[in-house]
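Let me begin by presenting the structure, written as structure tokens, before commenting on it.
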Amino acid sequence: MSLDERFNAAAVKVKTFTKRPTDSELLQLYALFKQASIGDNNTSKPGMLDLKGRAKWESWNDLKGKAQDAAKEEYIALVESLSQKYL
């Protein structure tokens, strides 16, 4: 299975979790997914009142410079570890 196929399978697996991961785990998943699929964050920072959007933006922005393949590998590993807790 190629890296992209494993990444896509992990993205599908996340949607089958029966319990909701913690907020920090969700932010990690979001940031790694965005870095893996898009690359470095090139969007403008959300306003002060958009707390959720700002947290997501900052989480993704913290991964700036990480290679997309490395982010895919980390995302797959994170999904596998979380699936033991939430499936």
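Could you list 79, 14 in order of exposure, starting from the residue whose Cβ has the fewest other Cβ atoms within 10 Å? Each step should come with its number before you reach the end.
On the way: 79 22, 14 17.
Placing the least packed residue first, the sequence is 14, 79.
Taking neighbour Cβ counts within 10 Å as the exposure measure, how do 74, 5 sort from fewest upward? Walk me through the intermediate numbers first.
Working: 74 17, 5 9.
Exposure proxy ranking, most exposed first: 5, 74.
Kindly flag which residue pairs out of 34/66; 52/72; 19/72; 34/64; 13/56; 19/56 have an alpha-carbon separation exceeding 18 Å in this structure. Don't skip to the end; give the middle numbers.
On the way: 34/66 11 Å; 52/72 23 Å; 19/72 23 Å; 34/64 11 Å; 13/56 21 Å; 19/56 20 Å.
Cα-Cα > 18 Å for 52/72; 19/72; 13/56; 19/56; rest within.
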| note | For the chain, longest principal axis from Cα atoms; helix 3-14 axis from its Cα atoms; angle between them, nearest 10 degrees, is 80 degrees
| said: Helix 51-61 against the longest principal axis of the chain: what's the angle in degrees, Cα atoms only, rounded to the nearest 10? | reply: 70 degrees
| query | Using a simple charge model, +1 on the beta-carbon of Lys and Arg, -1 on the beta-carbon of Asp and Glu, nothing else, what dipole does the chain show about its Cα centre, in debye to the nearest 20? | reply | 340 debye
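I'd like the projected area of the chain, averaged over all directions, using the convex hull of its alpha carbons. Report it in nm² with one decimal.
On the way: hull surface 23.0 nm².
If you wrap the Cα atoms of the chain in a convex hull and average its projections, you get 5.7 nm².
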| message | What is the angle, in °, between the Cα long axis of helix 23-37 and the longest principal axis of the Cα atoms in the chain? Nearest 10 is fine, range 0 to 90. | response | 90 degrees
| query | How do 86, 75 line up, fewest other C-beta atoms within 10 Å first? | reply | 86, 75
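Values in this text are rule-based calculations from the coordinates and carry no lab data. All of these numbers come straight from a predicted model, not from anything done at the bench. With ideal geometry, Cβ positions are generated from the backbone for all residues, glycine too; neighbour counts draw on all protein chains shown.
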